[in-house]
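Student: Sending over a structure as structure tokens; questions will come in a sec.
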Amino acid sequence: DCPPEAGDFRAQQCSAHNDVKYQGQFYEWLPVSNDPDNPCSLKCQAKGTTLVVELAPKVLDGTRCYTESLDMCISGLCQIVGCDRQLGSAVKEDNCGVCNGDGSTCRLVRGQYKSQLSASKPEDTVVAIPYGSRHVRLVLKGPDHLYLETKTLQGVKGENSLSSTGSFLMDNSSIDFQKFPDKEILRISGPLTADFTVKIRYAGEADSSVQFIFYQPIIHRWRETDFFPCSASCGGGYQLTSAECFDLRSNRVVADQYCHYYPENIKPKPKLQECNLDPCPASDGYKQIMPYDLYHPLPRWESTPWTACSSSCGGGIQSRSVSCVEEDIQGHISPVEEWKCMYTPKMPVVQPCNIFDCPKWLAQEWSPCTVTCGQGLRYRVVLCIDHRGMHTGGCSPKTKPHIKEECIIPTPCYKPKEKVPVEAKLPWYKQAQELEEGAVVSEEPSFIPEAWSACSVTCGVGSQMRLVKCQVLLSFSQSVADLPIDECEGPKPVSQRACYSGPCSGEATEYNPEETDLMYGSLQEFDELYDWEYEGFTQCSESCGGGVQEAVVTCLNKQTREIADEMLCVTSRRPPQLLKACNLEPCPPR
């Protein structure tokens, strides 16, 4: 690696032309990097101008082709360089930043944050991203605004308000930020040189959502110890190694539970070897060392199973008893003094458990009001979300936010009949019930429907769509994976349904509970149960001399054959009008 004070090699080559006139004028030249057409030419830009000039057809050998790559220019051509610093090598870093690594030293973290901000709660934490993380990307959608807080390993704190689009350094980490009218994008390639906390600040009435993804280093790793002292000073003994949990950030040994937190960490098994094989001075002969599998085993620590955790979430404690035991040649186990097991550390008797956050309620956005004028109701979905962001149970019913509330449309109603909110069975309320009782991703492949889209029309009959995925929960990584549809058994939930958005006449409409039930019920079921049919003709319009009769169209229940309210056939096409001639005989003279 070049020392920090060495500067940029391409910039040095541009600045060498500062004392040479270009078109009769001196300029201060800055490097132009990452030219996609010819990365190995020396293109420089005059400082404070838009003038870009190729000052040399080739950069000096060893100049990087691109700023984010090890590839270098040799004789004007870009040559591949691997992360092992070898010319022509195709070896690359894995997502954890390890050259030719297998990705086992870090883990992928992804999730979504749904803001619950208001004027009384103007800011909140989106996610904490630890030191050493890489490939950070966050996308905010909505009116709110992101900002950053940092804390170095030495405890120095910093903050950046992310007020405008651009690239900048924060605690020696390069940050790329883009600000749009309706969204913000934050990228940090990493590795982070401090702990970053991404926060969100309230900026509008509408809710915002943030999607994030990054690779987090596994900072606690098992490290094998040296061999412990020999169990005998002479005449032959044994010695063992152990494994200790090591914090890569602080470079110190920590409690084993930190390493157990990562399923990827596998504790190394102890190694055993013979030692002090010289005969003891007081003996008159040599003590033969037998193979370990035939020799009397060493005393060892044994433990009882852990007790149940004192709390199901939010952090609890569990305990066990640990004792030193010895096994004789016949396999009988008996307790012995603890000092006999001191060649290896004693197992912990207490450990924290269930340190993940308890499930909490998450309220979705409100539905439109159930009426187009006056006083009505609106609904929202309230889900119980666990620490993995999955829909689960376990939230306290006492703290559950309400799923419906009154709403007032300022447009005045004509002929208002109801002065209390109408209890309508709207698609939004139905959706709220479906989601609260909906499918949860499990370790068996299952169909998981997403939320219904808004109705395709603003009045009359339209359609709603939703995505139905086949998903499975991967227990080892606690992540959700999408599967091909044919991997899931059983009937697939429907992905399209009819919806009714009220009359299109433009006139104010008076509602009553019965009509509202009919208009907003399950339109899909009405398609199957009700349809238009012809039922005879009206009386002839004339008693003689020729008249017409009109076919009578009724809404019929196809199962019971009974006449039903016409509103139940609202999703079916009404048949055309039929007329026939009648009473064609001439009228008698008067």
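The values are calculated or read from the model by the stated rules, or taken from the named source; none is laboratory data. As the structure is a computational prediction, the values presented were derived from the model and not from experiment. Every residue, glycine among them, receives a Cβ derived from its backbone with ideal geometry; neighbour counts consider all protein chains shown. Side chains included, ligands, DNA and RNA excluded: accessible areas come from the protein's heavy atoms. Shrake-Rupley method; radii C 1.70, N 1.55, O 1.52, S 1.80 Å.
Student: When you scan region 355-373, how many residues do you find that are crowded, with 16+ Cβ neighbours inside 10 Å and either assigned to a loop (DSSP other than H, G, I, E, B) or modelled with pLDDT under 85 (or both)? Don't jump to the end; show me each part of the working.
Tutor: Kept after step one, since they are crowded, with 16+ Cβ neighbours inside 10 Å, are these residues of region 355-373: 359, 362-364, 366-373.
Right, trim to either assigned to a loop (DSSP other than H, G, I, E, B) or modelled with pLDDT under 85 (or both) and you get 359, 364, 366-373.
Matching residues across region 355-373 total 10.
Student: While we're on this one: Could you check region 105-120 and list, in sequence order, the residues that are crowded, with 20+ Cβ neighbours inside 10 Å and either under 25 Å from residue 153 (Cβ atoms) or not assigned by the TED database to the domain that holds residue 151 (or both)?
Tutor: Once the filter is applied, which keeps residues that are crowded, with 20+ Cβ neighbours inside 10 Å and either under 25 Å from residue 153 (Cβ atoms) or not assigned by the TED database to the domain that holds residue 151 (or both), region 105-120 yields only 106.
Student: Residue pairs, Cβ under 7 Å, 6 or more apart or interchain, first in region 375-387 and farther than 28 Å from residue 111 by Cβ, second of a type in the set (Val, Ile, Thr) and part of a strand (DSSP E or B). List them.
Tutor: From residues that are farther than 28 Å from residue 111 by Cβ, the pairs are 375/408; 376/409.
Student: Only one of these conditions is not met by residue 492: (1) open to solvent by 50 Å² or more (accessible area, probe 1.4 Å); (2) in a loop (DSSP other than H, G, I, E, B); (3) at pLDDT below 60. Which number is it?
Tutor: Of the numbered conditions (1) open to solvent by 50 Å² or more (accessible area, probe 1.4 Å); (2) in a loop (DSSP other than H, G, I, E, B); (3) at pLDDT below 60, the odd one out for residue 492 is (3).
Student: Name the pairs: first residue in region 212-233 and without any contact (Cβ under 8 Å) to a residue 24 or more places away in the chain and open to solvent by less than 40 Å² (accessible area, probe 1.4 Å), second residue part of a loop (DSSP other than H, G, I, E, B) and not charged (D, E, K, R), Cβ to Cβ under 6 Å, at least 6 apart or on different chains?
Tutor: 225/241; 225/242
Student: Taking the conditions exactly as written (in contact (Cβ under 8 Å) with a residue 60 or more places away in the chain, closer than 30 Å to residue 247 by Cβ, polar (S, T, N, Q) and open to solvent by 60 Å² or more (accessible area, probe 1.4 Å)), does residue 100 satisfy them or not?
Tutor: On the way: in contact (Cβ under 8 Å) with a residue 60 or more places away in the chain: no; closer than 30 Å to residue 247 by Cβ: yes; polar (S, T, N, Q): yes; open to solvent by 60 Å² or more (accessible area, probe 1.4 Å): yes.
It is false that residue 100 is in contact (Cβ under 8 Å) with a residue 60 or more places away in the chain, closer than 30 Å to residue 247 by Cβ, polar (S, T, N, Q) and open to solvent by 60 Å² or more (accessible area, probe 1.4 Å).
Student: On to the next question. Can you list residue pairs whose Cβ atoms sit under 7 Å apart, with the first residue in region 55-68 being on the phi < 0 side of the Ramachandran plot and touching a residue at least 60 places away in the same chain (Cβ under 8 Å) and the second being assigned to a loop (DSSP other than H, G, I, E, B) and basic (Lys, Arg)? Count only pairs 6 or more apart in sequence or on different chains.
Tutor: Short answer, once both residue conditions are applied: none.
Student: Here is a follow-up. State all residues of region 150-175 that are surrounded by 15 or more Cβ atoms within 10 Å (Cβ to Cβ) and either modelled with pLDDT of 90 or more or under 22 Å from residue 248 (Cβ atoms) (or both); if no residue qualifies, say none.
Tutor: Residues of region 150-175 that are surrounded by 15 or more Cβ atoms within 10 Å (Cβ to Cβ), as a first pass: 150-151, 160, 162, 170-171, 173, 175.
Listed by number, the residues that qualify are 150, 151, 171, 173.
Student: I've got another one for you. Restricting to region 207-252, what's the tally of residues that are touching a Phe, Trp or Tyr at 6+ places or on another chain (Cβ under 7 Å), over 23 Å from residue 192 (Cα atoms) and among the aliphatic types (A, V, I, L, M)?
Tutor: Qualifying residue count, region 207-252: 2.
Student: Residue by residue through region 326-347, note down the ones that are of a type outside the set (A, V, I, L, M), assigned to a loop (DSSP other than H, G, I, E, B) and open to solvent by 60 Å² or more (accessible area, probe 1.4 Å).
Tutor: Going through region 326-347, the residues of a type outside the set (A, V, I, L, M) turn out to be 326-328, 330-332, 334-335, 337-341, 343-346.
Filter once more, so that each one left must be assigned to a loop (DSSP other than H, G, I, E, B): 328, 330-332, 337, 343-346.
Once the filter is applied, which keeps residues that are of a type outside the set (A, V, I, L, M), assigned to a loop (DSSP other than H, G, I, E, B) and open to solvent by 60 Å² or more (accessible area, probe 1.4 Å), region 326-347 yields 330, 332, 337, 345, 346.
Student: Identify, from the list 195, 182, the residue that is of a type in the set (Asp, Glu), open to solvent by 40 Å² or more (accessible area, probe 1.4 Å) and out of contact with any Pro (no Cβ under 6 Å at 6 or more places or on another chain).
Tutor: Details: 195 fails: out of contact with any Pro (no Cβ under 6 Å at 6 or more places or on another chain).
Exactly one residue qualifies, and that residue is 182.
Student: Also, quick follow-up: Output the qualifying pairs, or none if there are none: Cβ atoms under 8 angstrom, residues six or more apart or on different chains, first residue in region 30-48 and in the same structural domain as residue 76 (by the TED database), second residue open to solvent by less than 40 Å² (accessible area, probe 1.4 Å) and among the charged types (D, E, K, R).
Tutor: What qualifies is 31/10; 33/10; 41/35; 42/10; 43/35.
Student: Here is a check on your reading of the model: is residue 123 over 12 Å from residue 216 (Cβ atoms), open to solvent by 80 Å² or more (accessible area, probe 1.4 Å) and within 24 Å of the chain's Cα centre (by Cα)? Write out each step before concluding.
Tutor: Working: over 12 Å from residue 216 (Cβ atoms): yes; open to solvent by 80 Å² or more (accessible area, probe 1.4 Å): yes; within 24 Å of the chain's Cα centre (by Cα): yes.
Yes; evaluated as a whole, the condition is true for this residue.
Student: Would you mention how many residues in region 228-258 are touching a Leu at 6+ places or on another chain (Cβ under 8 Å) and at pLDDT 85 or above?
Tutor: Going through region 228-258 one residue at a time, the tally reaches 0.
Student: Which number in (1) of a type outside the set (Ser, Thr, Tyr); (2) assigned by the TED database to the domain that holds residue 198; (3) touching a strand residue (DSSP E or B) at 6+ places or on another chain (Cβ under 8 Å) marks the one condition that residue 155 misses?
Tutor: Exception for residue 155: condition (3).
Student: Before we move on, is residue 248 surrounded by 13 or more Cβ atoms within 10 Å (Cβ to Cβ) and either hydroxyl-bearing (Ser, Thr, Tyr) or closer than 27 Å to residue 108 by Cβ (or both)? Quick ask: steps written out before the conclusion?
Tutor: On the way: surrounded by 13 or more Cβ atoms within 10 Å (Cβ to Cβ): yes; either hydroxyl-bearing (Ser, Thr, Tyr) or closer than 27 Å to residue 108 by Cβ (or both): yes.
In short, yes.
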